[in-house]
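Data block below; observations after.
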Amino acid sequence: MTLSAQFLWLIPALPLAAAGIGALTPRSGRKTAAGAAILSLLGAFVLSCFALNGALADPTMHATYNFNWFDLGATSLRLGFLLDPLTAFMCVMVTFVGLLIFIFSTGYMKEDANSTRFFCFLSLFAAAMLGLLVANSLLLLFICWELVGLASYLLIGFWFHKPSAAAAAKKAFITTRIGDLGLLLGILWLQHAGGTLLFYDGGNGALESSVLASLAGQTVAGGLALSTAIGLLIFCGAIGKSGQFPLHVWLPDAMEGPTPVSALIHAATMVAAGVFLIARVFPLMSADLALTTVPVHALTVVAFIGAITALLGASIAVAQNDIKRILAFSTVSQLGYMMLAIGVGSWVAAIFHLLTHAFFKALLFLGAGSVIHAAHHEQDIRSLGGLRGPMRVTFATFAVGMMALAGVPFLFSGFWSKEAILHAAHLWDVSHLPFYIGLVAVVLTAFYSTRLVAETFFGRPRSPAAEHAHENSAAMTGPLVLLAVCAVLLGFIGTPAFPWLQAKLLGQTEIHGHSLFDGAGLMITSIVLVALGIGAGWAIYGRRPRANATARDPLEARAPRLFAALSNRLGFDEFYASTVFRLNDGLAIVSDRLDRHVWDGAVRFLALLGVFTGQVNRDTDEQGLNAGFTAASEKLRDAGKFYSQRQSGEAHGYLRTLAFGFVIVLLLVILGGAR
Amino acid sequence: MSPLQICLIISTLLFCIGLVSALTRSNAIMVLLGIELMLNAANINFIAFWRYGPQPEAGMGVIFVLFSIAVAAAEAAVGLALVIAIYRHRKSVRLQDAVQLKG
């Protein structure tokens with residue numbers, strides 16, 4: 001079975017229907033909402049598999065189905081759907097991970113009174129994300145992009161009665177909106193300069209050679225190629241959505257949402273949308289590579305932003321104590337890796353890492369959710385500990401996820417995808433700096449993931465909640481086991497010896513593997529670095545476990561200032577509070593002053609003028625015209641009294657009168673004027 | 001029934017729902033919602049008469065509706081701001097409680 005591009009819309013339509021059902025289900029019907037959500041996503045998963053089957057049959061093809069949305073004068077806006085291996089792989093990943101997380105949520109949200117709403121939002125999110133993946137038009141992609149942002153806002157603020165959750169939701173929404181402004185400008189500029197927003201359109205699409213050549217041929221301010229400028233604007237959107245430096249601040253705060261949301265949206269799928277977007281418009285981003293005179297290439301910016309983010313996220317993660325925040329900063333760092341891979345030109349390595357990361361990070365988040373659920377919402381790793389015994393399944397699967405994240409060699413998927421990225425970064429001829437930054441981040445990643453596991457699962461329980469923790473139901477452990485299996489197996493679709501995934505993504509029909517020993521030097525280096533990180537982590541946190549919840553962190557004891565700076569997330573939030581927020585406040589004060597003094601003064605002056613003319617009028621009136629008007633004014637006053645009684649102050653009375661008048665006018669029109 | 005008639009029936013229904021909501025609900029937000037529904041019923045009419053009217057090519061209907069949506073958004077923003085101000089003042093959003101503005 002295959003699914004042609006024409007019917008690709010069915011994939012997002014199914015969860016959308018489930019969201020509709022969820023919205024109409026009363027609060028008590030949570031089984032209906034959950035069932036609809038899970039069934040629809042199962043259907044979408046099956047359809048995605050059909051689509052993948054079709055796409056793999058001819059990986060060179062970009063099968064499209066375009067249609068006219070509406071015409072405005074001579075311009076017509078066209079939308080469309082696109083089926084190629086990139087779309088198909090992403091759809092299968094999103095639906096599969098999403099399905100497991102939906103099932104996990106039935107266990108996790110069991111006690112929540114509003115879980116109907118929860119499943120409605122989750123389905124809406126899945127629909128928007130899948131719509132984003134199948135779009136063949138930057139505009140359609142943007143619409144779904146914003147819907148994804150909306151769903152994320154709703155889900156982060158799901159427990160909106162907590163002030164911190166409401167604030168985090170707002171922060172996430174507004175911060176990503178800053179990036180989206182850039183994306184919107186890029187879209188408008190592309191429409192203006194290229195005349196089309198379709199990706200592929202039988203030779204005329206924005207990602208096809210004729211438009212790309214014309215875009216790369218024009219220069220704009222500063223000697224930049226037009227394609228570079230548009231590409232960087234589009235990249236702004238990806239910076240916001242994928243939590244890249246300097247807009248990464250929202251992602252850790254987004255952990256206020258329920259844990260399945262963190263797993264689905266803020267680890268596996270939505271934050272990867274930025275990476276997907278840049279991989280999708282890669283032809284546009286790389287259109288300026290042939291030019292030698294331009295000051296900067298778009299991809300160079302991407303590579304450096306990615307490298308900075310990778311290092312930043314990994315180093316901050318070392319000093320966090322909240323189990324979900326550690327994972328959040330780890331996500332920031334891994335997304336940085338993906339951007340780095342795209343920047344150095346290997347978008348297939350980025351997608352490979354995106355896919356493996358989606359599985360092992362969803363696994364880690366769900367494992368964290370399982371721990372949090374069992375330990376009665378205790379999230380501080382200092383208060384956990386010793387969970388290895390009572391929670392065997394969670395421990396085993398979490399350990400698999402951690403080893404995949406750290407990049408433990410050969411058996412785990414994270415190793416192969418990270419290796420692919422480092423290999424690509426090593427071959428980049430512009431600069432070697434991102435490569436070295438990536439190597440440092442490898443050590444840090446191995447270190448903090450070891451710290452996380454050692455603190456959470458080893459040693460003795462350090463709080464009553466951790467002492468009484470016990471394993472969760474099968475609805476929660478089942479998805480963990482499946483994800484753990486995937487986190488191991490998925491690495492083997494893209495090993496250097498048999499790069500099946502890479503070949504399919506690039507549209508090659510034959511697979512050219514090479515021996516594992518070709519890049520042996522690099523591989524041995526990174527294995528040594530991983531061993532170093534894990535060894536250091538185990539030596540510090542594993543051998544001598546923390547004695548009680550309030551004991552100082554060994555690193556804190558050794559380098560208190562550095563640790564404090566890191567655990568304060570290097571002060572980015574304070575920095576923004578003292579610059580951006582203060583600027584905003586200043587503008588508000590200026591407007592307030594303007595309003596109070598300048599505009600108000602003008603109004604006062606006019607009023608004085610009015611008073612003055614009034615005075616003059618009264619004088620003439622009293623002296624000259626007073627005689628015959630008394631009777632008339634009596635009448636006027638009576639009329640005024642009558643009307644003022646009609647003005648009762650009740651809005652409904654007015655509305656009723658309006659409606660009544662409307663009906664009379666309608667009757668007049670129907671009876672009198674209709675002929 | 002022609003598509004135009006179907007559109008008009010839908011918009012009439014929407015308008016009636018909005019009207020009833022605006023007239024019967026005491027919650028100011030629900031009244032605002034009702035007004036929005038009525039506006040959208042008018043928008044559907046614009047689109048329907050444009051699409052099935054004599055000149056479906058010129059973008060008049062869409063542009064008109066875009067303006068109308070922008071106006072509706074501004075109206076909703078002002079309306080909600082007023083509701084919030086009233087709520088701060090009287091700890092209630094019931095319209096019956098806000099009757100100070102009378103002659």
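The values are calculated or read from the model by the stated rules, or taken from the named source; none is laboratory data. These numbers come from a predicted model, not from an experiment. Neighbour counts run over all protein chains shown; Cβ positions are idealised from the backbone, glycine included.
Return yes or no: is A:G306 assigned to a helix (DSSP H, G or I) and either closer than 18 Å to A:L439 by Cα or polar (S, T, N, Q) (or both)?
yes
Just one of B:F64, B:F49 is within 13 Å of another protein chain (Cβ to nearest Cβ) and free of Cβ contacts under 8 Å to residues at least 60 places away in the same chain; which is it?
The conditions single out B:F64.
Within the stretch B:19-46, count every residue that is within 11 Å of chain A (Cβ to nearest Cβ), free of Cβ contacts under 8 Å to residues at least 60 places away in the same chain and crowded, with 16+ Cβ neighbours inside 10 Å.
8
Can you tell me which of (1) modelled with pLDDT of 80 or more; (2) out of contact with any Ser or Thr (no Cβ under 7 Å at 6 or more places or on another chain); (3) of a type in the set (A, V, I, L, M) is the one A:A375 doesn't meet?
Failed condition: (1).
Taking into account only those residues within the stretch B:73-98 that are surrounded by 13 or more Cβ atoms within 10 Å (Cβ to Cβ) and in a loop (DSSP other than H, G, I, E, B), which is nearest to the other protein chains (Cβ to nearest Cβ)?
So the residue we want is B:A98.
So which residues in the stretch A:192-238 are in contact with a Phe, Trp or Tyr (Cβ under 8 Å, 6 or more places away or on another chain) and β-branched (V, I, T), if there are any at all?
A:I230
Residue under question is A:D619, and the condition is that it be in a helix (DSSP H, G or I) and under 30 Å from B:A98 (Cα atoms); does it hold?
The answer is no for A:D619.
For the stretch A:256-269, what are the residues that are of a type in the set (A, V, I, L, M, F, W, C) and touching a Ser or Thr at 6+ places or on another chain (Cβ under 6 Å)?
Result: A:I265, A:A267.
Of the residues that make up the stretch A:596-608, is at least one farther than 29 Å from B:M38 by Cα and within 14 Å of chain B (Cβ to nearest Cβ)?
Taking every residue of the stretch A:596-608 in turn, none turns out to be farther than 29 Å from B:M38 by Cα and within 14 Å of chain B (Cβ to nearest Cβ).
Scanning for something over 28 Å from A:L355 (Cβ atoms), surrounded by fewer than 20 Cβ atoms within 10 Å (Cβ to Cβ) and out of contact with any Pro (no Cβ under 9 Å at 6 or more places or on another chain), does the stretch A:238-246 turn up at least one residue?
Scanning the stretch A:238-246 turns up no residue that is over 28 Å from A:L355 (Cβ atoms), surrounded by fewer than 20 Cβ atoms within 10 Å (Cβ to Cβ) and out of contact with any Pro (no Cβ under 9 Å at 6 or more places or on another chain).
Considering only the stretch A:622-675, how many residues are part of a helix (DSSP H, G or I), more than 9 Å from chain B (Cβ to nearest Cβ), modelled with pLDDT under 80 and surrounded by 10 or more Cβ atoms within 10 Å (Cβ to Cβ)?
2
When you look at B:A58, is it away from chain A (no Cβ under 12 Å) and over 14 Å from the mean Cα position of the chain (by Cα), yes or no?
no
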